Amino acid sequence: MVTPILDFDSLAQDIARRTVLCIGDVMLDEFVYGEVSRISPEAPTPVILAQRSEIHIGGAGNVARNVASLGARCVFVGLVGEDDAGKRLASALAEHAGIESVLVCDPSRPTTRKVRFVSEHFSTHMLRADWEQAVAASDDIETKLIEAILPQIARADIVLLSDYAKGVLTARVIRHTIDAARKLNKPVIVDPKSLNWAIYRGATLLTPNRKEFAEATRSRADTPQSIVDASEDVMRLADCEAILVTQGEHGMTLVPRKGEAVHVPAVPVKVRDVSGAGDTVAAALAVSLATGADWDTALRMANAAAAVAVGKQGTASVSAAELRRKILPHAYLAAEEKIVLAPDTLDARLAAWKRQDLRVGFTNGCFDILHPGHVKILTAARAACDRLIVGLNSDASVRRLKGADRPVQDERARAEVLAALEAVDLVVIFEEDTPIELITRIKPSALVKGGDYTREQVVGHEIVEAAGGMVVLVDILQGFSTTALVHRARGEAK
């Protein structure tokens, strides 16, 4: 079976209209990076010479960060202490575009804080220090959490419970949240920590890692089939629609209550740090399922997002642009990247090619319906240089030149067709009737046009020749004309 290309752009537009309610244990993640070159004279421990530090919103807060960076809006409900770490977290969340935080303060507990000391040279964690009180919230705080959560459910398209077992997601908080969500027909995703999955009863999807799944089901869970076999009883217990078991470098296995199980291998990637990868998976699933996407689409999004996350250092979030580059076919992206929309991008490409002593060629046209005559000119143009830039008339420019019924295809479609050709290195759309400004900016080594022009008729020939370049005229291929093709398609006489 051939996997269809995911329409990522349409999905991303839909994601941007969705809201995820994320509830869970937030924490302050600190990373201290430095060099380790000696052992302490006081004790047989390495000494790290601290050089820099980073602060991130961690735990369930990292799920919220990923939801927002993937393009959706996130309403986040969490618990902090009345301390400096809590204030720093509140401030960081408030500054994060796309996140609306509702934080309950519990003066009796510290804000969960984790400090990791990392060897810069070896990219390895040397030590982690934790400040936390991993006990269930008191009855009073539970009530405050429930009062903070329930009004937000109606605003959300999906609810995501991120359980780090630090005290927010008590059985009572979970029960009130899932029951309220089900009454409003809101899907619920749970990234579980408790081994008693009965407390998550009624959730739509559970997303344990392999270790959590094995412990909860008392199974080995070492193959996709063993995961499928162990899922049946716990799905009945949790009354959920599906279970997704993440297995690191071994991929993911989705077991739906109805339909066939699906296993996807991990996307090949150089792993730098697995911290927070599960958060990214949960966020990608949430934003996908919030749009009404099917299991297959959500699984592909989550798998690709995980690959991006583990390729980064620290508790990382994944942007929609990064996910797009990971999930779309290389050929599609390669063609797309040839289309230049900003002058600065064109200047950067030209400067890079100049540093490499590459000869830049240029040709231009409307290219409304690409035909063999066009291909011949473009191929010949590429043979006259090392890199070929094609100037493409904008839609407004084509209408002025060809009439109100042209172009047949809009400028984006024409640009994509040109960019897909191996002979073309860049496509630049210009608004003017002639490409004289573009030629002046580029100063190509070769200016190429069809042989139906004379040298003097080629726009920009004097600029190119004054800069030491040449004009190349290519014999046109007889019998091919866009205008004639348009007339023929419309049943008109030439």
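The values are calculated or read from the model by the stated rules, or taken from the named source; none is laboratory data. This one's a predicted model, so the numbers in the text were calculated from it and none came from an experiment. Neighbour counts are summed over all protein chains in view; Cβ atoms, including those assigned to glycine, are modelled from backbone coordinates with ideal geometry.
State whether one or more residues within segment 217-240 are in contact with a strand residue (DSSP E or B) (Cβ under 8 Å, 6 or more places away or on another chain), outside any helix (DSSP H, G or I) and over 29 Å from residue 143 (Cβ atoms). Checked against the condition, which is being in contact with a strand residue (DSSP E or B) (Cβ under 8 Å, 6 or more places away or on another chain), outside any helix (DSSP H, G or I) and over 29 Å from residue 143 (Cβ atoms), segment 217-240 yields at least one hit. Just a yes or no: is a residue in segment 263-276 in contact with a helix residue (DSSP H, G or I) (Cβ under 6 Å, 6 or more places away or on another chain), in a helix (DSSP H, G or I) and either crowded, with 17+ Cβ neighbours inside 10 Å or in the same structural domain as residue 19 (by TED's automatic domain parsing) (or both)? Checked segment 263-276: no residue is in contact with a helix residue (DSSP H, G or I) (Cβ under 6 Å, 6 or more places away or on another chain), in a helix (DSSP H, G or I) and either crowded, with 17+ Cβ neighbours inside 10 Å or in the same structural domain as residue 19 (by TED's automatic domain parsing) (or both).
Selection within segment 310-330: residues that are under 18 Å from residue 251 (Cα atoms) and part of a helix (DSSP H, G or I). The member of this set that is modelled with the highest pLDDT is 323.
Residue by residue, here is whether (1) of a type in the set (A, V, I, L, M); (2) farther than 23 Å from residue 343 by Cβ; (3) without any contact (Cβ under 8 Å) to a residue 40 or more places away in the chain holds:
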residue	(1), (2), (3)
429	yes, no, no
444	no, no, no
455	no, yes, yes
465	no, yes, yes
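Residues in segment 280-326 that are among the β-branched types (Val, Ile, Thr) and surrounded by 24 or more Cβ atoms within 10 Å (Cβ to Cβ) were compared, and the one that is nearest to residue 29 (Cα to Cα) is 315. The listed residues are 191, 239, and the only one of them that is surrounded by 19 or more Cβ atoms within 10 Å (Cβ to Cβ), touching a Gly at 6+ places or on another chain (Cβ under 8 Å) and in the same structural domain as residue 304 (by TED's automatic domain parsing) turns out to be 191.
Elements of the type helices (runs of 4 or more DSSP H) sitting completely within segment 1-99 and holding at least 3 residues that are modelled with pLDDT of 95 or more and either over 30 Å from residue 328 (Cβ atoms) or in contact with a strand residue (DSSP E or B) (Cβ under 6 Å, 6 or more places away or on another chain) (or both): these cover 60-69, 84-95. The set of residues in segment 232-252 that are closer than 20 Å to residue 189 by Cβ and under 30 Å from the mean Cα position of the chain (by Cα) comprises 240, 241, 242, 243, 244, 245, 246, 247, 248, 251, 252. Looking at segment 243-255, is at least one residue in contact with a Gly (Cβ under 8 Å, 6 or more places away or on another chain) and within 20 Å of residue 15 (Cα to Cα)? No, the conditions are met nowhere in segment 243-255.
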